[in-house]
Amino acid sequence: MLSAHDVTRSFGGLTAVNHVSLEIGPREIVGLVGPNGSGKTTLLNLLSGFLAPTSGEIRFDGTAVRARRAWQPSRLGLRRTFQLPKLPARMSVLEVMLAGGRLPAGASPWRSLLTPGAVRREEAAFIGKAMGLLAEVDLAGLADHPAGGLSGGQQKLLGLAAALMDDPAVLLLDEPTAGVNPSLRRRMADHLRRIREGGTALVIVEHDMGFIGDLCDRCLALDKGAVIANCRPDELSGNQQVVEAYLGR
Ligand code: ADP
């Protein structure tokens, strides 16, 4: 469904991602692992279209993924969350959710004038969807609160819920558990499993190997920008190349 074909990305003289090819299937949960500086975040940015490859191509359902600005929504059904969600402090939790999605097709000022009833119903459904997603991460009771007042863990859950507003086919997550306490971590894993059951594939950059082992069907291990292993999480520790990459050789 989402694939990279011989993708390389350089920054000046440094090759951050080096001739990577991979495929992510529907409803798969794939972990990107590897030591610091191995190219995980760069690969996530390439896969989600936030960065253009220097060479090679990313395809989603047969269509080339073109690089876009962070604020431009993906028309292809790709969504990315950030390690530190940058939530506008003054927006309410519900407003962040509404900004995460797009109003139903055709909601224009002209339609509001001509068919106000239909537009109101669409808007009500949109808000209902946002509230339903907030309920799943236990934030519905805080819908009117300023997003900036949430704890770090709650902000991550809000970032996750907002990313689901337009029903992405693939969700790319950058360290979903960083700064999140252990009980919230378990809940985060449950949320991610439910998101997969809803039909979304997940690509996760994560340092917590327990979390990865618990959640992922498959792992891609990176070292110096190249994929050195493509295996089940429980097979990583028996892979000599992976062990050496982590030990720094
Ligand atoms: P990881 O996520 O595995 O820690 P990154 O993808 O962040 O690795 O980085 C891979 C390499 O690319 C590192 O050497 C990093 O310094 C370099 N790099 C990443 N982004 C940039 C950038 N925007 N400009 C220059 N170098 C970068």
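Considering only segment 128-137, state which residues are modelled with pLDDT of 90 or more and either among the hydrophobic types (A, V, I, L, M, F, W, C) or exposed (fewer than 14 other Cβ atoms within 10 Å of the Cβ) (or both). Before the answer, list the steps.
Residues of segment 128-137 that are modelled with pLDDT of 90 or more, as a first pass: 128-135.
Scanning segment 128-137 gives 128, 130, 131, 132, 133, 134, 135.
Within segment 178-199, can one find any residue that is within 16 Å of the ligand (Cβ to nearest atom), in contact (Cβ under 8 Å) with a residue 40 or more places away in the chain and within 23 Å of residue 15 (Cα to Cα)? No, that holds for no residue.
Contact map, segment 19-41: residues that are closer than 18 Å to residue 7 by Cβ paired with residues that are near the ligand (Cβ under 6 Å from one of its atoms) and assigned to a loop (DSSP other than H, G, I, E, B), Cβ distance under 6 Å, separation 6+ or inter-chain. Pairs shown: 40/34.
Restricting segment 6-38 to residues that are assigned to a strand (DSSP E or B) and surrounded by fewer than 16 Cβ atoms within 10 Å (Cβ to Cβ), the residue that is farthest from the chain's Cα centre (by Cα) is 14.
Determine whether residue 81 is surrounded by 16 or more Cβ atoms within 10 Å (Cβ to Cβ), more than 18 Å from the chain's Cα centre (by Cα) and either within 13 Å of the ligand (Cβ to nearest atom) or modelled with pLDDT under 90 (or both). Give the derivation first.
Working: surrounded by 16 or more Cβ atoms within 10 Å (Cβ to Cβ): yes; more than 18 Å from the chain's Cα centre (by Cα): no; either within 13 Å of the ligand (Cβ to nearest atom) or modelled with pLDDT under 90 (or both): yes.
Criteria not met by residue 81.
Of all residues in segment 34-60, which are within 9 Å of the ligand (Cβ to nearest atom) and touching a helix residue (DSSP H, G or I) at 6+ places or on another chain (Cβ under 9 Å)? Answer for segment 34-60, where residues must be within 9 Å of the ligand (Cβ to nearest atom) and touching a helix residue (DSSP H, G or I) at 6+ places or on another chain (Cβ under 9 Å): 34, 35, 38, 51.
Quick check on segment 209-226: of everything there that is in a loop (DSSP other than H, G, I, E, B) and crowded, with 20+ Cβ neighbours inside 10 Å, which residue is farthest from the ligand (Cβ to nearest atom)? Before you say what the answer is, go through the steps one by one.
Going through segment 209-226, the residues in a loop (DSSP other than H, G, I, E, B) turn out to be 216-217, 224-225.
Subsequent filtering for residues that are crowded, with 20+ Cβ neighbours inside 10 Å retains 216, 225.
On the way: 216: 16, 225: 7 Å.
Here the answer is 216.
The values are calculated or read from the model by the stated rules, or taken from the named source; none is laboratory data. It should be emphasised that the depicted structure is a prediction, and the values quoted were computed from it without experimental measurement. Cβ sites come from the backbone with ideal geometry, for glycine too, and all protein chains shown count toward neighbours.
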